[in-house]
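**Student:** First the structure, which I've put down as structure tokens, then a few questions once you've had a look.
Throughout, read-outs are computed from the coordinates displayed, never taken from laboratory work. The structure displayed is predicted, hence computed values, not measured ones. Here Cβ is always computed from backbone atoms with ideal geometry, including for glycine, and neighbour counts include all displayed protein chains.
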Amino acid sequence: MKSFTYEKANSPAAAAAAAAGSSNARFIAGGTNLLDLMKLEIETPSHLIDVNGLAFDKIEPTQEGGLRIGALVRNTALAADERIRRDYGLLSRALLSGASGQLRNKATTAGNLLQRTRCPYFYDTNQPCNKRTPGSGCAAIGGVTRQHAVLGSSESCIATHPSDMAIAMRALDATVETVRPDGTTRAIPIADLHRLPGETPHIETTLSAGELITSVTLPKPVGGTHIYRKVRDRASYAFALVSVGAIVQRDGTGRVAVGGVAHKPWRVEAAEAEMPRGAKAVATRLLDGARPTRDNSFKLALVERTLAAVLSEAKG
Amino acid sequence: MKFDTPATTNPIDQLKIIGHATNRIDGPLKTTGRATYAYEWHDAGARPAYGYVVGSAIAKGRITSIDLSRAKAAPGVIAIVSAENAGKLGKGKYNTAKLLGGPEIDHYHQAVAVVVADTFEQARAAAQLVRVDYSAEKGSFDLSATRDGAAKPPGEGDEKAETAVGDFAGAFAAAPVQLDATYTTPDQSHAMMEPHASMAAWEGDKLTLWTSNQMIAWTTGDVAKTLGLPKENVRLVSPFIGGGFGGKLFLRSDAILAALGARAANRPVKVALQRPLIINNTTHRPATIQRIRIGATREGKISAIGHESWSGNLPEGSPETAVMQTRLLYAGENRMTALRLAMLDLPEGNSMRAPGEAPGMMALEIAMDEMAERLNLDPVEFRARNDTQVDPEHPDRPFSQRQLVECMRIGAERFGWSRRNAKPGGQRDGRWLVGMGMAAAFRNNLLMKSGARVRLDSSGTVTVETDMTDIGTGSYTIIAQTAAEMMGLPLDKVVVRLGDSSFPVSAGSGGQFGANNSTSGVYAACVKLREAVAQKLGFNSADVSFSDGQVSSGNQSVPLGQAAADSELVAEDSIEYGDLAKTHQQSTFGAHFVELGVDVATAEIRIRRMLAVCAAGRVLNPKTARSQVIGAMTMGVGAALMEELAVDKRTGFFVNHDLAGYEVPVHADIPHQETIFLDETDPMSSPMKAKGIGELGLCGVAAALANAVYNATGIRVRDYPITLDKLLHHMPDA
Ligand SMILES: Cc1cc2nc3c(=O)[nH]c(=O)nc-3n(C[C@H](O)[C@H](O)[C@H](O)COP(=O)(O)OP(=O)(O)OC[C@H]3O[C@@H](n4cnc5c(N)ncnc54)[C@H](O)[C@@H]3O)c2cc1C
Ligand code: SF4
């Protein structure tokens, strides 16, 4: 770990301004991802801005009939919230399938969205990695890639985004609210938050320097049956090989977002239109353009089969 | 004490304390955090400095230059040791690769330097400033690609590379029912909870190492050899060990680099290996490729059985002896086994819990299931038909005890094996395809010399000292039970001190030989102490009895402590073995049963219940024994379903080098486990009449799972681990 300076922010704008004022600052929330990366010197911030003192720890109704989730609401609290469990069961289920109880007690809503990939080569600083050291190459391509992306990857990076919560947020059409160093705020649709790797896999989101997430809003509940199905080798405490988050209405229409397959939650609205026609039709559209490796081509069949199981479960 | 004739009735047979399900005597120390582990001896001497190990970034080649300037200038740095300034170092007898590499590099993450600083954080930060330039060479990293060039390894006696009886080739060719199948097992990591850790302190040219090590005498010798010290100048202290599984049988870089760091810093130094270094810097269980051929009559009698295994290792390393059990487990007149060893530049392969048998049984017991199916026989019945009460390669050697068939029959009964649908894929429960599988369990019982010292004080307390270790197995407790039984004391009048090289040399913890041999050593010392007590009290030692804290002879009875009224009584002895292991084959047996479900859509495998039945001599403590077996069953689940060190075959290292990437089972994977121990005593094994259990519990588990997956799905996976991607394309439509 490199030495760094530390401050506790006392207002959102001050936090954003502090971040912009330092060339290499990071916000720290639960610290469950950032600290691990700092110990390995994969992240080497010179300044840490602790946002835990900010009053973003509430879940409140919005005027539109949805919910505003403070950026600091812990994963445990969010999953347990009665309104979330009743109206946004997908989110609660996705959260509870992630990490462990202890980690979820610390992990925050914003931190979870911004957690970094679990590509093992990213974690080994002896290995070339364009995400860690831009321009150094990608050790994963041609290496061990069972966990890696099958969709939206590039010649520079084939990593996935590991968050379960983000899959649910994507299916729920959440919006990320932020404040920038100049005090201006904006609302970013979750679909636009995470980027595909392209030639700049180290730039993972569309947030600008110092931009602070203040909350995530959920639109009015859409009803339907909410299912989150996470597929993995062991029964708990493992990242998804593939996960399917679905909201299925009585008439068979609905939404579906898929995890474990790309650098961002994968949702294709055109594929959703096929839902009444069944899993195969949805999967064909959803997986269009997939570029699997030899190690992870099974994910294509797995997505389709999991989808089929989810749709049949939704029918009851 | 020489043990060369079968045991007769002795004080252990009283079973007042031995054989009872006693709680661990060290349990309260551990649950309250007062058991001091290797990295926690802060108060043992001067304030320690901290060492952080730099591992090689290449698998094979040379260091061309090391630039320490930035690291040296970093805050808190006291010293940096690399091969350039470490002085001349030897290599331990039990090490294959050097523990401090450079300029030649033998494997990825081989240690190339240790940075010593005032705090751990400073050492870690400075270590990341060490700049090493390498010139990498092409290495050999792919077992299957090097298989054809693999050679016959040297090896004698039990370790010999090849055995043959009768005419295997002819009998196999002539057999009406045949199987010829190839299985693979991957590299595996011990993944113990406590990392390899040591603290070193020098006093002149005398070294004390507080460390986490299973084999105190081996490792003391190897420290001395590596550092060029007389053995007397090295003291090892390792009373508590947070798991080892064979990963801590040997001297590793944490200990040597702590010693070198402490010498350079002129201060005690602590070193713990960071988790990624545990994967690539230390040892692992090597991958195997195994070909098994079995020929049988239509009635299910094996006429030919052949088992060949290929594994790889660094030059001078040894093979994974995966064919060992096939020499002993089933009858058959025509037999062959062979080991082949390929040269690989991966990290060092070495012992992991049940080396040889664990991966060997993973293959053999699938093969037996496949054969049973071809013969249209129940898997239990097929195995029973091929039981043997003698060593099949040397029919003049009977087994000392062999209750394999009993284990299988009792297990089948208790598990409800008759409810198994013999037709694969025939059992459905909602979204689950349900299957049952079984396998035999087998592991040899090893006899090793083991010593102990016992002291009696005037309060009647007996203190046992032996360099035996407790790696979480329960050694403290069974040793206390042994001394208490022998001396007629309650358990709380016995103090046990372990893991110190100043104590008598024991068998140590490994190869499931610890419990039987170390307690036998304590037995031997207690026999001497009983004699000394009798003599001191002027009793005739032939008719003295020890019970309830009293020593009695005729109508006299005095408190035990009285024998030590003027001065402590001390007795020391070892157990040594004669020829009984040559005239009789000593092994442990069992049977594993598993029921599991396979998700029809995703092919995720989830266990429902497991049962192990073991026949392994006298059970010294049913509670610690059960704990060993359920832990082993859990490890078997890991081996079957998830554990695999993923090799990057281009650059030669294990990629998944932390516990997020190298998955071992979690609680949710293990819903229900049951164990049964058959009532058995084995007078050939030792005065304790006990044998090993800790590894038996692992051998066969993975195959029982593999067979259950086959029973559930009709898909036969011969390459471990059995992950969903290997099933998916053959699964029925959901
Ligand atoms: C062993 C382990 C297993 C795990 N398993 C899973 C799993 O199965 N599924 C899963 O989804 N996750 C899993 N996780 C990841 C876990 O969910 C994340 O570590 C956690 O959600 C991160 O939240 P945090 O608050 O601790 O983030 P931090 O570590 O504090 O921060 C993460 C990133 O977010 C930034 N950040 C934090 N807050 C803000 C803000 N308000 N505005 C802007 N930027 C901000 C930080 O600068 C940092 O870059 C696992 C983690 C571990 C360690
Ligand atoms: S896949 Fe991405 S994160 Fe992984 S090594 Fe390549 S560039 Fe780095």
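**Student:** Would you mind classifying region B:1-149 by shape? Square roots of the alpha carbon gyration tensor eigenvalues, ordered a ≥ b ≥ c; an a/c under 1.5 is rounded, otherwise it is prolate if a/b is larger than b/c and oblate if not.
**Tutor:** It comes out oblate by the Cα gyration axes.
**Student:** Based on other C-beta atoms within 10 Å, arrange B:Ile18, A:Ile158, A:Ile227 from fewest to most.
**Tutor:** A:Ile227, B:Ile18, A:Ile158
**Student:** Which value, in debye to the nearest 20, describes the size of the charge dipole of the protein assembly as shown about its Cα centre when Lys and Arg Cβ atoms bear +1, Asp and Glu Cβ atoms bear -1, and nothing else is charged?
**Tutor:** That gives a dipole near 1720 debye.
**Student:** Taking every DSSP beta bridge with both residues inside the protein assembly as shown, roughly what % is antiparallel (nearest 5)? Don't jump to the answer; show the numbers that get you there.
**Tutor:** Details: 135 of 175 bridges.
Here the antiparallel bridges make up roughly 75 percent for the protein assembly as shown.
**Student:** OK, next. For the pair B:Arg298/B:Ala734, report the inter-label distance in nm, with labels modelled 7 Å from Cα in the Cβ direction.
**Tutor:** If labels sit at B:Arg298 and B:Ala734, their model points lie 4.6 nm apart.
**Student:** With all distinct Cα pairs included, what does the Kirkwood hydrodynamic radius of region A:1-95 come out to in Å, to one decimal, could you say?
**Tutor:** Values: mean 1/r = 0.0666 Å⁻¹.
Taking the inverse mean of 1/r over all distinct Cα pairs, region A:1-95 comes out at 15.0 Å.
**Student:** Report the relative contact order of region A:169-301, percent, no decimals, based on alpha-carbon pairs under 8 angstrom and at least 6 residues apart.
**Tutor:** Relative contact order, region A:169-301: 18 percent.
**Student:** Here's something else I'd like to know. What net charge do the residues around B:Met352 carry, taking every other residue with its C-beta under 15 Å from that of B:Met352, with Lys and Arg at +1 and Asp and Glu at -1?
**Tutor:** Within the 15 Å Cβ shell, the charges total -2.
**Student:** How would you rank B:Ser459, B:Ser189, going from fewest to most other Cβ atoms within 10 Å of each one's own Cβ?
**Tutor:** Ordered from fewest to most neighbouring Cβ atoms within 10 Å, B:Ser459, B:Ser189 come out as B:Ser459, B:Ser189.
**Student:** OK, next. Quantify how much of the Cα-Cα distance distribution of region A:161-254 extends past 18 Å, in percent.
**Tutor:** 58 percent
**Student:** Please report the antiparallel percentage of the DSSP beta bridges confined to region A:1-114, to the nearest 5.
**Tutor:** Beta bridges within region A:1-114, antiparallel portion: roughly 35 percent.
**Student:** Next up: Across region B:155-298, how large is the tail of the calculated P(r) beyond 27 Å, expressed as a percent of all Cα pairs?
**Tutor:** I get 44 percent for the Cα pairs in region B:155-298 exceeding 27 Å.
**Student:** Go through B:Lys231/B:Lys493; B:Lys493/B:Lys582; B:Lys16/B:Lys449; B:Lys98/B:Lys270; B:Lys231/B:Lys623 and tell me which ones have a Cα-Cα distance over 29 Å in this structure.
**Tutor:** As for pairs spanning more than 29 Å Cα to Cα, those are B:Lys231/B:Lys493; B:Lys493/B:Lys582; B:Lys231/B:Lys623.
**Student:** On alpha-carbon atoms, Rg over Rh for region B:64-199 using Kirkwood Rh?
**Tutor:** That ratio equals 1.16.
**Student:** Separate question: In percent, how large is the relative contact order of chain A, given Cα pairs closer than 8 Å and 6 or more residues apart?
**Tutor:** So the answer I get is 18 percent.
**Student:** Right, here's the next one. If I take the Cα coordinates of region A:99-214 and project them onto the principal axes, what are the three extents in Å, biggest first?
**Tutor:** Answer, in whole Å and largest first: 42, 35, 25 Å.
**Student:** Which of the peptides B:490-500, B:24-34, B:581-591 is most tightly packed, and how do the rest follow, judged by the mean count of other Cβ atoms within 10 Å per residue?
**Tutor:** Top to bottom by mean Cβ count within 10 Å: B:581-591, B:490-500, B:24-34.
**Student:** Using Cβ contacts closer than 10 Å as the measure, can you line up B:Trp417, B:Trp310 from fewest to most?
**Tutor:** With the fewest neighbours first, B:Trp417, B:Trp310 line up as B:Trp417, B:Trp310.
**Student:** Further, regarding this structure: Does chain A come out rounded, prolate or oblate, given a ≥ b ≥ c as the square roots of the eigenvalues of its C-alpha gyration tensor, rounded meaning a/c under 1.5 and, failing that, prolate meaning a/b above b/c?
**Tutor:** Because a/c hits 1.5 or more and a/b fails to exceed b/c, chain A counts as oblate.
**Student:** Taking the simple approach of a point 7 Å from Cα along Cα-to-Cβ for both B:Glu333 and A:Asp288, what is their distance in nm?
**Tutor:** About 6.9 nm, to one decimal.
**Student:** Tell me, what is the FRET efficiency for B:Asp543 and B:Leu15 to the nearest 0.05, using R0 = 30 angstrom and their Cβ-Cβ distance as r?
**Tutor:** Numbers: r = 21 Å, r/R0 = 0.71.
E between B:Asp543 and B:Leu15, to the nearest 0.05, is 0.90.
**Student:** I need the Debye-formula profile for region B:435-508: one equal scatterer per C-alpha, no solvent, reported as log10 I(q)/I(0) at q = 0.15, 0.22, 0.24, 0.25 1/Å, two decimals.
**Tutor:** The Debye formula, applied to the Cα set alone, gives -0.57, -0.98, -1.11, -1.17.
**Student:** Okay, next question. Based on the alpha-carbon gyration tensor of chain B and its eigenvalue square roots a ≥ b ≥ c, which shape applies: rounded if a/c is under 1.5, prolate if not and a/b is larger than b/c, or oblate?
**Tutor:** oblate
**Student:** Mind pulling up the Rg/Rh value for the protein assembly as shown? Radius of gyration and Kirkwood radius, both on Cα.
**Tutor:** 0.99
**Student:** On to the next question. Just name one of B:Leu641, B:Gly306, B:Ser552: the one whose Cα is farthest towards the positive end of the charge dipole of chain B (beta-carbon charges, Lys/Arg +1, Asp/Glu -1).
**Tutor:** B:Leu641
**Student:** Along the charge dipole of region B:231-301, pointing to its positive end and built from +1/-1 on Cβ of Lys, Arg, Asp and Glu, which listed residue (B:Gly242, B:Ala272, B:Pro286) has its Cα farthest out?
**Tutor:** The one lying farthest along the dipole's positive direction is B:Pro286.
**Student:** Please list, in order, the residues from region B:671-711 whose amide nitrogen is less than 20 Å from a point placed 7 Å along the Cα→Cβ vector of B:Lys423.
**Tutor:** B:708-711
**Student:** For A:Ala80 paired with B:Glu40, estimate the spin-label separation in nm (one decimal), with each label point 7 Å from Cα along the Cα-to-Cβ line.
**Tutor:** 3.0 nm
**Student:** Working out 0.36 nm times the residue gap between B:Asn266 and B:Arg291, then minus their Cα-Cα distance, what length gain in nm do you get to one decimal?
**Tutor:** 3.5 nm
**Student:** What is the pair-distance distribution P(r) of region A:231-316, computed from all Cα-Cα distances in 10 Å bins starting at 0, with each bin given as a whole percent?
**Tutor:** With a bin width of 10 Å, the distribution comes to 18, 53, 26, 4.
**Student:** Can you tell me, using C-alpha contacts under 8 Å and at least 6 residues apart, the relative contact order of chain B as a whole percent?
**Tutor:** Values: 1990 pairs, mean separation 128.8, N = 734.
This gives 18 percent for chain B.
**Student:** If region B:313-460 were replaced by its equivalent ellipsoid, with semi-axes equal to the square roots of 5 times the Cα gyration tensor eigenvalues, what would those be, largest first, whole Å?
**Tutor:** Semi-axes, largest first: 34, 25, 20 Å.
**Student:** For region B:232-375, what is the percent of antiparallel DSSP beta bridges, rounded to the nearest 5?
**Tutor:** Antiparallel: roughly 45 percent of the beta bridges in region B:232-375.
**Student:** Using a Förster radius of 25 Å, what is the FRET efficiency between A:Ser23 and A:Asp192 based on their Cβ-Cβ separation? Nearest 0.05, please. Display every interim value, and only then the final one.
**Tutor:** On the way: r = 26 Å, r/R0 = 1.03.
Efficiency at R0 = 25 Å is approximately 0.45.
**Student:** Among B:Ala151, B:Ser135, B:Gln188, whose Cα lies farthest out toward the positive end of the dipole of region B:60-193, if unit charges sit on the beta carbon of Lys, Arg (+1) and Asp, Glu (-1)?
**Tutor:** Of the listed residues, the answer is B:Ser135.
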